[in-house]
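Each value in this text was obtained by applying a stated rule to the coordinates, not by laboratory testing. Computed from a prediction, not measured in an experiment: that's the story for all the values here. Glycine also receives a Cβ, built like all others from the backbone with ideal geometry; neighbour counts cover every protein chain displayed.
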Amino acid sequence: MFYYVLKNLYKRLKEVLIMSEDILEQIRRQNEVIISLLGRLVFDENSVRNIVTYNKREELKTKYIEGYNSCDGKKTQKEIADIIGISQSTLSPIINEWVEIGIIYEIHRGNRKYYKKLFPIQVK
């Protein structure tokens, strides 16, 4: 009898945990939509493009836009730096500035940081 109660309790707890993970994923997706919509209220595409390419050499502007657009919430600074073709130490203060300005935000998974853009921008 005790074994049966423990087995059912374990099964129910497992179901609750799975539902909780699903709910958290739905909330995460909903928050990303809200952040993106708020970002569009504050920044237009030209503003974001100007921030991303500010003070960059002409031949690197397109690469910086590609780097910004690659911020999909699954890439680290190192991966973004590789896309742009610069070192991670060069990109680090730029990423920090983008986060501070609010055109990207950090996503923490474990002890790693990933970066997510507000919305994609086009190369002019």
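Taking the C-alpha atoms only, the angle from helix 88-101 to the longest principal axis of the chain is near 80 degrees.
Taking Lys and Arg as +1 and Asp and Glu as -1, the other residues whose beta-carbon sits under 13 Å from that of THR62 total +3. When the Gaussian network model of the chain links Cα atoms closer than 10 Å, the mean-square fluctuations of ASN55, ASN111, ASN46 top out at ASN111. Cross-link pairs exceeding 28 Å in C-alpha to C-alpha distance, out of LYS61/LYS113; LYS56/LYS116; LYS61/LYS117; LYS78/LYS124; LYS7/LYS74, comprise LYS7/LYS74. Amide hydrogen proximity for ILE104: with H placed 1.01 Å from N in the peptide plane, the residues at 5 or more positions away or on another chain lying under 5 Å are VAL99. Basic side chains Lys and Arg get +1 at the Cβ, acidic Asp and Glu get -1 at the Cβ, and with that the dipole of the chain about its Cα centre reaches some 380 debye.
For the chain, the calculated P(r), taken from all Cα-Cα distances in 10 Å bins from zero up to the bin holding the longest distance, is 12, 36, 23, 12, 8, 6, 2, 0 percent.
With θ taken as phi - 60° and the Karplus curve 6.51 cos²θ - 1.76 cosθ + 1.60 applied, the whole-hertz 3J(HN,Hα) list for region 108-113 is 9, 10, x, 9, 10, 10 Hz, x standing for glycine and proline.
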